[in-house]
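Q: Pasting in a structure now, in structure tokens, and then I'll have a few things to ask.
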Amino acid sequence: MNRLDERLNKILPTLTSEKFRENRGLGNEVPFYAFDYPAESELQVREHIDFLLNQLAKAKPPLNVARVHLFQVLVDMLEERNFYDKAVKLQADKGSEALLKQLKGPLKVEKVAEFITRKWPITDHDAYLIDGVGSAYPMIRTHKLLNILQPHLGQTPLVLFFPGEYDGQSLRLFGQLSDTPYYRAFRLVD
């Protein structure tokens with residue numbers, strides 16, 4: 001068994017533990033966690049998230065978990081405002097740079113956070129699992145989204161599945177792209 005498999009196998013016991021459910025041991029910190037992994041393992045991690053959701057629904061007591069695929073959120077937001085087809089055409093006609101410039105307003109990080117909390121209200125969920133981060137880059141930066149979500153989610157745990165590296169202080173998407181330091185997340189498992 002490789003190191004990633006070992007870490008993936010620790011997730012379910014962690015999520016179903018009383019410590020996780022009750023935010024114990026965090027010292028009044030925000031219950032945000034990061035699970036970093038090599039970007040080339042994206043498909044394996046996605047499959048494991050599917051497995052987790054299935055098992056969490058069967059847990060005693062069951063956990064009602066919102067799976068937030070960040071790229072799909074962006075697509076849904078554009079479709080909701082009838083911008084998606086226009087965005088595809090703009091990229092085909094004028095390229096990715098022009099598209100990114102046009103999406104800054106409709107996909108502003110505050111709007112993304114509001115969409116997430118509207119679609120998956122905290123009153124209905126025990127935890128949030130966010131994936132699809134790599135696919136959403138560069139339209140949205142993870143550290144900005146986490147900072148904006150903190151006051152909205154309160155003490156509801158959030159787990160960010162991050163294709164890159166998290167050293168406890170900063171996120172490095174794909175292990176290469178530096179992101180602004182994000183100090184408030186805990187490593188979900190070692």
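Q: Let me know the longest stretch in the chain that avoids all trypsin sites (Lys or Arg not before Pro) found in a DSSP loop with at most 15 other C-beta atoms within 10 Å.
A: 109-183
Q: Going by C-beta contacts inside 10 Å, put 37, 137 in order with the fewest on the left.
A: 137, 37
Q: Which of the pairs 10/60; 58/108; 94/119; 19/108; 94/144 have their Cα atoms more than 29 Å apart in this structure?
A: Distance filter (> 29 Å) returns 58/108; 94/119; 19/108.
Q: With an 8 Å cut-off on Cα pairs and a minimum separation of 6 or more residues, tell me the relative contact order of the chain in percent.
A: 34 percent
Q: Give the order of 135, 17 when sorted by the count of other beta carbons within 10 angstrom, beginning with the fewest.
A: Lowest count first: 17, 135.
Q: Something else about it: For residue 170, list long-range residues whose amide hydrogen, built 1.01 Å from N in the peptide plane, is under 5 Å from its own amide hydrogen.
A: Answer set, sorted by chain and number: 182.
None of the figures in this text is laboratory data; all of them are computed from the coordinates on show. Owing to the predicted nature of the structure, the values given are computational and were not obtained by experimental measurement. For neighbour counting, all protein chains shown are included, and Cβ atoms are generated from backbone atoms with ideal geometry for every residue, glycine included.
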